[in-house]
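Input: a single structure, listed below in structure tokens.
The values are calculated or read from the model by the stated rules, or taken from the named source; none is laboratory data. In this text the structure is predicted, and so the values were computed from the model without any measurement. Every residue, glycine among them, receives a Cβ derived from its backbone with ideal geometry; neighbour counts consider all protein chains shown. What goes into the accessible areas is simple: the full protein's heavy atoms, side chains included, and nothing from ligands, DNA or RNA. Shrake-Rupley method; radii C 1.70, N 1.55, O 1.52, S 1.80 Å.
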Amino acid sequence: FGETAKVSLRNIRHEANKQVDKEEKEGVLAEDDAKRAKDEIQKIIHEYEGKLNDSVKRKTEEILKV
């Protein structure tokens, strides 16, 4: 489940960045705003990757105790 969740996070990041690129290309976002949006996307994904890794680690330890 952990690996599936990691793949999902990568897909979400890819789709979000693709949307930012599209909006920048269409002139909806300025280059600086697009860069900030991508940085924010990466920050959020990184936060959730950390939470996911912690959950996987806790579950692994729980399973190994049994």
- Filtered residues of region 11-66 (kept if aliphatic (A, V, I, L, M) and in a loop (DSSP other than H, G, I, E, B)): Val28, Leu29, Ala30, Val66
- Message: So the check is Cβ under 8 Å with 6+ separation or different chains; which pairs have a first residue in region 17-30 that's under 13 Å from Ile41 (Cβ atoms) and acidic (Asp, Glu) and a second one that's modelled with pLDDT under 95 and surrounded by 14 or more Cβ atoms within 10 Å (Cβ to Cβ)?
- Response: Glu23/Leu29
- Query: Quick check: is even one residue across region 25-38 within 11 Å of the chain's Cα centre (by Cα), at pLDDT 95 or above and either of a type in the set (D, E, K, R) or open to solvent by 100 Å² or more (accessible area, probe 1.4 Å) (or both)?
  - Reply: yes
- Query: In region 39-66, which residue that is closer than 20 Å to Asp21 by Cβ and among the charged types (D, E, K, R) is surrounded by the most Cβ atoms within 10 Å (Cβ to Cβ)?
  - Reply: Glu40
